[in-house]
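Trainee: Shown below is the structure under consideration.
The values are calculated or read from the model by the stated rules, or taken from the named source; none is laboratory data. Keep in mind the model is a prediction, meaning the values are calculated, not measured. Positions of Cβ are generated from backbone atoms using ideal geometry, with glycine treated the same way; all protein chains shown enter the neighbour counts.
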Amino acid sequence: MNISVTDKAVNWFEKELMLEKGDAIRFFGKTYGNTEVHEGFSVGMSVDQPEDSVLGQTEVNGVTYFTNEHDHWFFSGYDLEVDYDEEKEEPIYHFHETE
């Protein structure tokens, strides 16, 4: 699984969460809401550190963005693109089928 984070999203995370090098953001599946590919589930995020069971990760400006194996059920078959919704002023998540 690949994770990409756009520059606008990186700027939002760094500003809103006051992230510094060495910090990490975990993305996970949570109940309620919808995504482009899930009904009744949405993407949650937390400031956390990766465990041994990382499913996918990327690093931008010294900050790690990741998911772990516990959320394989949610991300299976997809890459995650994290972008920024300027209207809502919050991150938006796009799922791209893996080949």
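Trainee: Among the residues of the stretch 52-79, write down those that are touching a strand residue (DSSP E or B) at 6+ places or on another chain (Cβ under 6 Å) and farther than 15 Å from residue 1 by Cβ.
Mentor: 60
Trainee: Follow-up question, since we're still on this one. Could you please tell me which pairs satisfy a Cβ distance under 6 Å, a separation of 6+ or placement on different chains, a first residue in the stretch 80-99 that is within 15 Å of residue 45 (Cβ to Cβ), and a second residue that is of a type in the set (S, T, N, Q)?
Mentor: 81/4; 83/6
Trainee: Is one or more of the residues making up the stretch 9-16 at positive phi and loosely packed, with under 14 Cβ neighbours inside 10 Å?
Mentor: no
Trainee: Quick one: residue 15 ticks every box in (1) free of Cβ contacts under 8 Å to residues at least 24 places away in the same chain; (2) within 15 Å of the chain's Cα centre (by Cα) except a single one, so which number is it?
Mentor: With (1) free of Cβ contacts under 8 Å to residues at least 24 places away in the same chain; (2) within 15 Å of the chain's Cα centre (by Cα) applied to residue 15, the lone miss is (2).
Trainee: Another question, if that's okay. Mind telling me which of the residues 33, 22 ends up being part of a loop (DSSP other than H, G, I, E, B) and either of a type in the set (Phe, Trp, Tyr) or surrounded by fewer than 17 Cβ atoms within 10 Å (Cβ to Cβ) (or both)?
Mentor: 22
Trainee: Looking at 74, 41, 66, which one is assigned to a strand (DSSP E or B), surrounded by 13 or more Cβ atoms within 10 Å (Cβ to Cβ) and modelled with pLDDT under 90?
Mentor: Just one listed residue meets the conditions, 41.
Trainee: Moving on to the next point. Quick check on the stretch 42-63: of everything there that is touching a residue at least 40 places away in the same chain (Cβ under 8 Å) and out of contact with any Lys or Arg (no Cβ under 9 Å at 6 or more places or on another chain), which residue is farthest from residue 11 (Cα to Cα)?
Mentor: Among those that are touching a residue at least 40 places away in the same chain (Cβ under 8 Å) and out of contact with any Lys or Arg (no Cβ under 9 Å at 6 or more places or on another chain), it is 55.
Trainee: Sticking with this structure for a sec: Tell me which of these residue 31 doesn't satisfy, since it passes every other one: (1) in contact with a helix residue (DSSP H, G or I) (Cβ under 8 Å, 6 or more places away or on another chain); (2) free of Cβ contacts under 8 Å to residues at least 40 places away in the same chain; (3) of a type in the set (Val, Ile, Thr).
Mentor: Failed condition: (1).
Trainee: What are the residues in the stretch 77-99 that are more than 22 Å from residue 50 (Cα to Cα) and either at pLDDT below 95 or surrounded by fewer than 18 Cβ atoms within 10 Å (Cβ to Cβ) (or both), if any?
Mentor: 85, 86, 87, 88, 89, 90, 96, 97, 98, 99
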